[in-house]
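A short write-up of the structure that comes next.
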Amino acid sequence: MTDMAQLLAAQARVLPHIHRTALLHSSTLSDEFGCQVYIKAEMFQKTGSFKPRGMINRLLTMDKDELARGVITFSAGNAAQGLAYAARIAGTQAVVAMPEWASPAKVAATRGYGAEVILHGANAAETFERCMAEARSRKLVYVPSYDDPALMQGHASLGLEILEDLPDVAAVVCGIGGGGLIGGVALALRAAGSEARLIGVEPEVASCMSAALAAGHPLQVVNGKTLADGLAPPVAGTHCLPIVRERVEKIVLVTEAAIAEALGTLMTRCKLYPEGAGAAPLAGLRARSDWGFAPTDKVVLVTGGGNIDLARLKQVLPG
């Protein structure tokens, strides 16, 4: 079991290379939900998402021989940029397999951080297969984009920051893809002895964690196209699933329309520029009216990234 000493060591390893992102109180959202709503603004993080936290910790705990071989992952975009950024810090070469439909902005940014990008696959499962084939043929070290203990320990730094700023936080609402981010937040809450509620949010068309919980084990799924592409891996993490099962109170499924509406609210009322995955927690909070929060309860929405291109925005926002 991961203890606080391990999480603090990971935080110390990661901190010199990232931003300590702001925790912003929203009067608009607090009035809407009848509690004190805060936004963990991780769209202001290095590379525009939370991903460098885990990737930096993962690479800085690898041995020199592994780093000399180079690293590879598959990703729709945020983990790609996170690995590319971390590889530059660790002094190794990064290769990333991305689906053919990946955001052009994310592809360009990943290349900008120095990674080689391979565009392949109509869905995440096909991209993953190409990633593993490249790893075998080129003897690259495969770095999971979410399913890894060191990644989750790095992501736990986000949870520790929330607890430092709001020791009495009542609930944390977090998007779920494979489970790496929410798994890291869960590790932080558990190690600190916090009783804060932890609520996950998945797109209806990409709900691999809900499917894994129902089946009792991770299983591969084929996702539909979602605005929250950062929450659409092909399978839930093997390391993540037991942590989610133990610590996450509820997973809420949200529609594409709800994600788009939440995106519009965060842009127009909160003056933030998130991507779909970053807007999903707000959509999840809106999906139910029976959360039972008191007026003084402090609820944090983890807005995990802000990498969305203008062309996509034009498709989803009215006007």
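The values are calculated or read from the model by the stated rules, or taken from the named source; none is laboratory data. Computed from a predicted model, the values in this text were never measured in an experiment. We place every Cβ from the backbone using ideal geometry, glycine too, and count neighbours over all the protein chains shown. Calculation scope for accessible area: heavy atoms of the full protein, side chains included, ligands and nucleic acids excluded. Shrake-Rupley method; radii C 1.70, N 1.55, O 1.52, S 1.80 Å.
Summary table below
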read-out	value
Share, in percent, of DSSP beta bridges within the chain that are antiparallel, nearest 5	15 percent
Between the stretch 268-306 and the stretch 1-24, the Cα center-to-center distance that results, in Å	23 Å
Nitroxide proxy distance, nm - points 7 Å out along Cα→Cβ at Asp165 and His25	1.3 nm
Equivalent ellipsoid semi-axes - Cα gyration tensor, the chain, angstrom	28, 22, 18
Under-5 Å amide H pairs with Leu227, H placed in peptide plane, nonlocal only	none
Packing-based order for 15-22, 154-161, 123-130, 30-37, using average beta carbon neighbours within 10 Å, highest first	154-161, 123-130, 30-37, 15-22
Proximal charge balance of Gly304 [Cβ under 10 Å; K/R count +1, D/E count -1]	0
Relative contact order %, the chain, counting alpha carbon pairs below 8 Å whose residues are six or more apart	21 percent
Over 18 Å (Cα to Cα) - which of Lys46/Lys250; Lys46/Lys106; Lys40/Lys314; Lys40/Lys225; Lys46/Lys225; Lys225/Lys250 fall in this group	Lys46/Lys250; Lys40/Lys314; Lys40/Lys225; Lys46/Lys225; Lys225/Lys250
Solvent exposure ordering (accessible area, 1.4 Å, most first) of Ile251, Ile259	Ile251, Ile259
q = 0.21 Å⁻¹: log10 I(q)/I(0) that the Debye formula gives for the stretch 225-293, counting C-alpha atoms only	-0.97
Helix 4-14 vs. the chain, principal-axis angle (Cα, 0 to 90°, nearest 10)	70 degrees
Rel. contact order, % - alpha carbon contacts under 8 angstrom, at least six apart, the stretch 8-153	22 percent
Highest to lowest packing among 275-285, 195-205, scored as the average C-beta count within 10 Å	275-285, 195-205
Per residue, in Å², the accessible surface of the stretch 1-147 once ligands and nucleic acids are set aside, probe 1.4 Å	41 Å²
Protection proxy ranking, peptides 67-78, 99-110, average beta carbon neighbours within 10 Å, highest first	67-78, 99-110
Local electrostatic count, Val185, Cβ distance below 12 Å [Lys/Arg +1, Asp/Glu -1]	+3
Counting DSSP beta bridges with both ends in the stretch 32-156, the antiparallel % (nearest 5)	0 percent
